[in-house]
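Here the structure comes first, spelled out in structure tokens, and everything after it is commentary.
The values are calculated or read from the model by the stated rules, or taken from the named source; none is laboratory data. None of these values were measured; they are calculated from a predicted model. Cβ: placed from backbone, ideal geometry, glycine included. Neighbour counts: every protein chain shown. Quick note on the areas: whole protein, heavy atoms, side chains included, nothing else; ligands and nucleic acids left out. Shrake-Rupley method; radii C 1.70, N 1.55, O 1.52, S 1.80 Å.
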Amino acid sequence: EAFVWEVLEEASCDATALVPEAEYVDHPDLCSTVCPNENITGCMGYDGSVPALCASSGTCRAACGPLASCAGVTTRYGQCLLHSACVPAADAAGATAWVKDRSLVPGLATASSAYADYPAAAAVDGDAATEWRSAE
């Protein structure tokens with residue numbers, strides 16, 4: 001299902017609504033695997049109590065994107081949480097919430113011969129043969 005990311009600075013999603021770790025337990029950036037202690041880059045503040053990924057926001061969004069159960073991610077201190085629901089709270093200094101927004105998709109233009117050379121990176125799902133959105 002197509003979506004775009006809505007970015008909310010200084011906000012986080014509800015930490016009680018997490019995607020079950022079983023859905024991404026094999027991800028190479030799982031903090032419980034890469035953070036035996038917090039002295040490793042990207043492990044600051046990780047205490048093992050929540051299933052987090054210790055990765056960039058791009059990697060976290062890439063992990064969330066294909067999961068139907070993932071509604072968004074919260075990134076902070078080089079870590080992210082994958083959320084099954086996201087009602088953003090604007091009380092998280094240093095955090096960024098990335099929320100899947102399907103409401104904007106109907107307004108997207110579809111690819112046509114006039115846009116055959118439009119870069120794949122601008123496509124909503126990264127596929128040059130599907131939807132894209134203008135920077136305007």
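Are any of the residues in the range 93-106 modelled with pLDDT of 55 or more, of a type in the set (Ser, Thr, Tyr) and under 30 Å from ILE40 (Cβ atoms)?
Scanning the range 93-106 turns up at least one residue that is modelled with pLDDT of 55 or more, of a type in the set (Ser, Thr, Tyr) and under 30 Å from ILE40 (Cβ atoms).
Go through the residues of the range 113-131 one by one and say whether even a single one is modelled with pLDDT under 80, within 20 Å of GLU10 (Cβ to Cβ) and open to solvent by 70 Å² or more (accessible area, probe 1.4 Å).
No: the range 113-131 contains no residue that is modelled with pLDDT under 80, within 20 Å of GLU10 (Cβ to Cβ) and open to solvent by 70 Å² or more (accessible area, probe 1.4 Å).
Which residues, taken from the range 62-103, are surrounded by fewer than 20 Cβ atoms within 10 Å (Cβ to Cβ) and either within 8 Å of the chain's Cα centre (by Cα) or without any contact (Cβ under 8 Å) to a residue 12 or more places away in the chain (or both)?
Matches in the range 62-103: ALA62, GLY65, PRO66, SER103.
Here is a check on your reading of the model: is SER32 open to solvent by less than 50 Å² (accessible area, probe 1.4 Å) and among the small types (Gly, Ala, Ser)?
Against the criterion (open to solvent by less than 50 Å² (accessible area, probe 1.4 Å) and among the small types (Gly, Ala, Ser)), SER32 does not qualify.
Could you tell me whether CYS43 is closer than 12 Å to VAL19 by Cβ and either open to solvent by less than 20 Å² (accessible area, probe 1.4 Å) or modelled with pLDDT under 90 (or both)?
No.
Could you please let me know if SER57 is surrounded by fewer than 23 Cβ atoms within 10 Å (Cβ to Cβ), at pLDDT 85 or above and either among the charged types (D, E, K, R) or within 11 Å of the chain's Cα centre (by Cα) (or both)?
It is true that SER57 is surrounded by fewer than 23 Cβ atoms within 10 Å (Cβ to Cβ), at pLDDT 85 or above and either among the charged types (D, E, K, R) or within 11 Å of the chain's Cα centre (by Cα) (or both).
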